[in-house]
1. Going down the list A:Lys142/A:Lys211; A:Lys107/A:Lys536; A:Lys62/A:Lys314, which pairs span over 22 Å between their C-alpha atoms?
2. A:Lys427 to A:Phe205: extension gain in nm, 0.36 nm per residue of separation minus the Cα-Cα distance?
3. Along the three principal axes, how long is segment A:332-387 when you take its alpha carbons, biggest first, rounded to the nearest angstrom?
4. Evaluate the distance, in nm, between pseudo-label points positioned 7 Å from the Cα of A:Lys81 and of A:Lys240 along their respective Cα→Cβ axes.
5. If I take all pairs of Cα atoms in chain A, what percentage of them are more than 48 Å from each other?
6. Along each principal axis of its Cα atoms, how long is segment A:63-193 end to end? Whole angstroms, biggest number first, please.
7. Per the Kirkwood treatment, what hydrodynamic radius in Å, one decimal, follows for segment A:578-629 from the mean inverse distance over all distinct Cα pairs?
8. What percent of all Cα-Cα pairs in segment A:402-505 falls in each 10 Å bin, counting up from 0?
Amino acid sequence: MISLSGLNDEQREAAETIEGPVLILAGAGSGKTRTLTYRISYMVDNLAIDPKSILAVSFTNKAAKEMKERVMSLLGKRKAKGTTLATFHSLGLRILKEEIDKLGYHKKFSIYDTSDQLAIIREALNLYNAEKTFKKEVILSKIGVLKNAGISADDFSDSKFFDDEDPYDHAINYVYEVYQEKLKFFNAIDFDDILLLTVKLFDKFPDIAQKYSEKYKYIMIDEYQDTNTLQFNLILHLTKTHNNLCVVGDDDQAIYSFRGADITNILNFEKNFPGAKIVKLEQNYRSISPILELANEVIKENKNRREKTLWSDKKSDSKPLLWSMADTDHEAQVVVEDIVGFQSRGGHLSDIAILYRSNTQAQPIEEQLRLSRVPYEMLGGQKFYEKKEVKDLIAYLMVIRNPDDQISLRRILNIPNRGIGMRTLEKYLEVTEDENISLYQALKEQPNLDPNRRDHIHNFIKIIENFRHKFNNSTLAQSISALVEEINYFAFIEKNYDNAKQVERRRNDITMFIESAERFEKYYKERANLETFIEKLLLQDNQDNNEDEDDDIKKNSVTMMTLHSSKGLEFDTVYLIGIEEELLPHKRVISEGGGTDEERRLCYVGITRAQEKLVMTYCKQRKIYGTDVPRHKSRFIIELGKKGFFLEQDRQSFGHLGSEEEVQDYKKSFFSNLMGLLNEDEKN
DNA sequence: TCGTCCGGCGTTTTT
DNA sequence: CGCCGGACGA
């Protein structure tokens with residue numbers, strides 16, 4: 001039996017209220033994950049509820065994984081088994097994998113990322129209007145908005161989102177329809193479809209919806225303030241038969257409106273789910289009070305929020321710091337030096353996070369960390385699978401699995417070059433169009449269309465077919481290596497880049513890809529196959545699965561991530577870099593004229609990640625499009641230094657290294673930087 | 001068919 | 001500054 005005595009009164013009440021709707025308003029650091037994990041454990045261990053009927057949904061893989069680990073450590077692996085702790089998208093995908101044929105797709109569908117989506121939109125746009133009046137990125141983002149609002153292509157022109165006066169909307173109306181048709185023809189879906197189609201399925205087939213609702217009798221949703229209409233509809237379907245819904249959220253941390261998140265979902269919870277019990281968690285267990293005071297000061301400027309009084313009893317005299325830097329390189333240097341100093345005093349690198357508004361900020365820091373030999377782990381950013389070489393290989397896997405996947409097929413048809421170029425492709429696309437068959441089918445069944453290319457096409461098809469068998473009969477990693485060999489991909493890389501370093505890097509990416517398949521196999525054992533591997537890749541679920549040896553490495557590395565992905569996490573020390581105008585709040589938001597409330601919340605999220613030490617930085621100068629531009633500290637904090645909420649230090653002169661200890665650290669880190677540089681040179 | 005060169009362009013945030 | 005896409009030439 002799990003004891004709930006470690007929870008405070010409110011937390012315990014939330015954990016013990018199992019039946020009916022519950023809203024937990026949980027301020028930053030108030031122990032909501034703790035509450036949720038105890039709630040799950042309490043249900044399984046004390047109430048003997050079947051773990052299979054418990055579903056907890058969060059937004060990011062990171063959060064889902066964290067929840068999983070904490071439930072496991074509380075309940076033990078054996079008892080925790082069967083609970084579903086998923087992200088919205090992994091849940092949707094799980095359902096679609098079973099049911100998507102009812103919507104007219106085959107079960108081996110592909111999932112398209114942004115670049116795949118853009119490729120389709122470009123063609124659809126050409127069909128609509130040969131002139132380049134409309135930008136495909138704008139169209140894509142609007143389609144995304146529509147999908148997240150639950151609006152299909154047919155509904156758009158009748159919806160409140162459609163403006164008859166706006167030529168863009170007419171273009172979108174056309175493109176959205178063509179886009180969706182093509183996706184279906186390619187047997188592919190995009191990210192938003194994962195949820196859109198799941199909801200569609202439930203709308204269309206109430207009996208299927210009922211099946212899942214009966215399966216998941218107890219549902220918990222984390223970060224409820226960030227749910228959008230589509231997700232809300234999904235929740236409605238799933239809770240329909242029982243109404244056992246427990247949501248956790250904090251309106252001050254709503255930061256996903258760009259993805260259609262609708263804050264009214266949390267504000268109207270009682271209305272949507274009558275009889276809801278509401279629990280407020282207001283004690284912050286995370287941060288020392290000076291950090292919390294700064295956070296409260298920042299967020300209180302926002303008008304539309306539920307009043308909260310977050311408090312902490314962790315008193316301390318050490319105030320947050322604000323460092324001003326000369327430029328981004330200087331910023332990286334100072335921050336990394338500080339980290340090296342911390343490390344040399346015996347600190348754990350895993351206690352440190354570097355947070356930023358935009359992924360572009362990560363680059364100088366990353367470089368400096370490498371130079372100083374500080375291990376780090378970066379979340380998000382350029383995704384591994386988005387690298388060109390990796391994408392090529394994945395495209396092969398996709399076509400092997402789903403030959404209808406025209407986007408992937410076209411990507412690899414002439415990679416490595418095999419003499420099937422644009423001209424040939426166009427001929428075949430015509431056939432595809434005329435006979436309404438897939439491109440793959442056309443290639444396979446009519447190799448004589450272009451006699452000069454016949455052999456090339458034949459060989460290509462043979463590779464695909466052979467490897468379809470190969471993947472069934474040998475292990476995943478073996479098959480992938482064999483494929484790389486078969487298509488001579490390494491030779492292709494060498495041919496394409498004359499720069500030896502580039503060749504090396506790209507070869508390395510391929511090796512890493514194969515290694516990731518090996519690790520996947522090791523962890524998933526007999527469940528490891530092409531299907532499961534691709535799914536993992538596409539959900540960007542890169543959270544490494546290796547429980548054993550890599551754990552040590554992870555325990556000793558700095559974490560870098562955007563403010564968005566930091567939500568829900570906590571660190572002893574946080575460097576919040578680039579607290580400056582046009583970055584936080586972001587330029588785009590300022591120029592669009594809308595409020596900066598969400599940016600302020602983002603700032604609040606960043607500050608409240610820190611437990612003991614918070615360092616904010618800004619640069620006096622920053623390179624934008626290659627030229628240096630003067631910068632200013634963010635409006636969110638500009639007045640608060642004078643009021644004593646943090647200490648401001650100008651690091652440009654290095655004049656603020658006070659204690660002897662710090663000076664020593666500085667010297668040491670300078671030396672290790674130098675060594676790093678030398679070693680780097682040696683290598684090249 | 002394939003490589004290269006040039007001009008325009010845009011930088012949020014995520015699954 | 002660096003990417004993408006179009007144009008052009010071998």
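The numbers here are math on the coordinates, done by the rules we state, and not lab data. On a predicted model such as this, the values are computed, not experimentally measured, just so you know. With ideal geometry, Cβ positions are generated from the backbone for all residues, glycine too; neighbour counts draw on all protein chains shown.
1. Check vs 22 Å cut-off fails for A:Lys142/A:Lys211; A:Lys62/A:Lys314.
2. So the extension gain works out to 75.8 nm.
3. 38, 20, 18
4. 3.3
5. 19
6. 61, 28, 26
7. 12.4
8. 13, 41, 31, 14, 1
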